[in-house]
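For reference, the structure discussed in these notes is given below.
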Amino acid sequence: MSDSRYAAAGVDLAGAEAAKERIGHSVRSARTRYSVGPIGAFGGMVRVPEGYRSPVLVMSTDGVGTKVMVARDAGRFDTVGEDLVNHSVNDILVHGARPLAFLDYVAGAGLTVEQIAGIVEGVARGCRAHDMALAGGETAQMPGLYQHGDFDLAGTIVGVVEEAEAMQGDAIVAGDLLVALASTGLHTNGYTLARSILFDRLKLQADSLVPGMAGTVADVLLAVHRSYWTALAPVLPSVHGLAHITGGGIPGNLVRVLPEGVEAVIDAGSWRLPPLFELLQRAGAVSTDEMRDVFNLGVGMIAAVPEHRVETVRTAATTAGVGTWVLGRVRAGPRGVRFG
C-alpha cells in the first residue's frame, strides 16, 4: 500500500517520522551513564549499576487510566507522561528499588506530532528527574481501534535493589506507626468517577473554575502524580514497609504489604480531606466507604515505621517538600485494614 493510501486509511507515515525525530531528542535527553547501544534500535539496553552483590531487578507495568481523557480535552499532553513515570517509580520504591530504565507506549488515532512529542517529552522529564534511562518505547496510530484524537499511555519500569534489602512488607510488626505522605490530588486513579461528577453532574468544562478552589478543572485534575523517591530513598533502612496508594485506595493497597497476624488501624480523624475530595464526595453524593475504595483521599504513600524512627522519616519527607502525619498504627490481629 502506498503512503497516500495508508494516510487515507488514517495513518500518516510522514507525521510519524516527524514525531520520531522529536521523540529521539527526548530519548537522548534521558540517557544515563548506564545506557548502552544506539537510540532507535529494536531493544533498549542498560547496564546494571556496579556495587551490587546480589542485584534483583524489580519491574512494573502501568498506565494513567482515564486521566488521558482530561489531558485530551484540556489540550495538555506533557504532564501525563510525567505522571506515568512517577507512578511507576513509586510502585518499585515500595520494594526499595532504585529506578534504572523506562519504556513507554503511546497508542491512539489522529494524534499530531506536537501531541505525541509532548507526551514523550513529559516521560523524558520524569526520567531525568530520577536519573533513569528512557531506554525506548513505541508509538502506534490505530484508527478504528481508537476514535480520532483519543490515545492511551502505558509504561514499563525496571529498577534494581540488593536482594537482602528488598522490601516485601514482612518486616512490619505490631507497634509500628503508619506515616502518611501527602498526595498532590487524584494522582492517576479515580478519574472515571471524578469526571462523571465534575463534567456530567456539575456540568463543568476543562477550563471552568473549580468551586471553592483556586484553578480550573484541568489545573486540578492534571496535577502531576507525586514521586516519593526523593522523600524516602534516604531513609529506606528506617522503614519496615511501604504502600503506594493507587486504585483501591488506602484499604486496597495497604493490605497488600501487611504480613499475617497484624492489622492496620487508620485514625480517620488524623487528617482532613483536601478540598477536591470534599467536593467530589459532596457533589457526587459518594459514601465514605466508596470514597475510601476509589480515591487516595490525600494520601499518596504510607510508610510503616518503628516508633523511634518516625521523626527521621518525617524530617526527610519535609526536606523534600512532602507533608506527612501519623495516620495510624499496626496492631496484632487478623490481617486487614480498618478505620477507627
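The values are calculated or read from the model by the stated rules, or taken from the named source; none is laboratory data. Here the structure is a predicted model, which means the values were calculated and not measured. Glycine also receives a Cβ, built like all others from the backbone with ideal geometry; neighbour counts cover every protein chain displayed.
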key: Of residues in the stretch 43-71 being crowded, with 19+ Cβ neighbours inside 10 Å and under 16 Å from Arg33 (Cα atoms), the one modelled with the highest pLDDT   = Val46
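Let's see how each residue does on (1) free of Cβ contacts under 8 Å to residues at least 60 places away in the same chain; (2) under 18 Å from Val56 (Cβ atoms); (3) among the aliphatic types (A, V, I, L, M); (4) in contact with a strand residue (DSSP E or B) (Cβ under 9 Å, 6 or more places away or on another chain):
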position	(1), (2), (3), (4)
Ser88	no, yes, no, yes
Asp91	no, yes, no, yes
Pro99	no, yes, no, yes
Asp104	yes, no, no, yes
Ala107	yes, no, yes, yes
Val123	no, no, yes, yes
Cys127	no, no, no, yes
Leu134	no, no, yes, yes
ask   = Looking at this structure, is Gly81 on the phi > 0 side of the Ramachandran plot, surrounded by 17 or more Cβ atoms within 10 Å (Cβ to Cβ) and outside any strand (DSSP E or B)?
value = no
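Counting only residues that are within 30 Å of Leu202 (Cα to Cα), give me the helices (runs of 4 or more DSSP H) lying completely in the stretch 256-321 with at least 1 of them.
Output list reads 275-284, 288-294.
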note = When every residue in the stretch 125-144 that is modelled with pLDDT of 95 or more and under 22 Å from Ala74 (Cα atoms) is compared, the one farthest from the chain's Cα centre (by Cα) is Arg125
request  = Any residue in the stretch 57-80 that's more than 20 Å from Glu121 (Cβ to Cβ): show its pairings with residues that are charged (D, E, K, R) at Cβ separation under 6 Å, as long as the two are six or more apart or on different chains.
outcome  = Ser60/Asp91
message = Based on this model, can you work out whether Ala214 counts as closer than 25 Å to Gly51 by Cα, among the aliphatic types (A, V, I, L, M) and surrounded by fewer than 20 Cβ atoms within 10 Å (Cβ to Cβ)?
response = no
query = When only residues in the stretch 316-337 that are touching a helix residue (DSSP H, G or I) at 6+ places or on another chain (Cβ under 7 Å) and small (Gly, Ala, Ser) count, which is surrounded by the fewest Cβ atoms within 10 Å (Cβ to Cβ)?
reply = Gly336
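Report, by residue number, each residue of the stretch 138-157 that is surrounded by 20 or more Cβ atoms within 10 Å (Cβ to Cβ) and not β-branched (Val, Ile, Thr).
Going residue by residue through the stretch 138-157, those that are surrounded by 20 or more Cβ atoms within 10 Å (Cβ to Cβ) are 141, 151, 153, 155, 157.
Across the stretch 138-157, the qualifying residues are Gln141, Phe151, Leu153, Gly155.
One line per residue, one yes/no per condition, for (1) under 15 Å from Ala180 (Cβ atoms); (2) hydrophobic (A, V, I, L, M, F, W, C); (3) crowded, with 20+ Cβ neighbours inside 10 Å:
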| site | (1), (2), (3) |
| --- | --- |
| Ala243 | yes, yes, yes |
| Gly247 | no, no, no |
| Val265 | yes, yes, no |
| Glu278 | no, no, no |
| Arg282 | no, no, no |
| Asn296 | yes, no, yes |
| Met301 | yes, yes, yes |
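Please work out if Asp219 is surrounded by fewer than 22 Cβ atoms within 10 Å (Cβ to Cβ), in a helix (DSSP H, G or I) and not aromatic (Phe, Trp, Tyr).
So Asp219 fits the description; yes.
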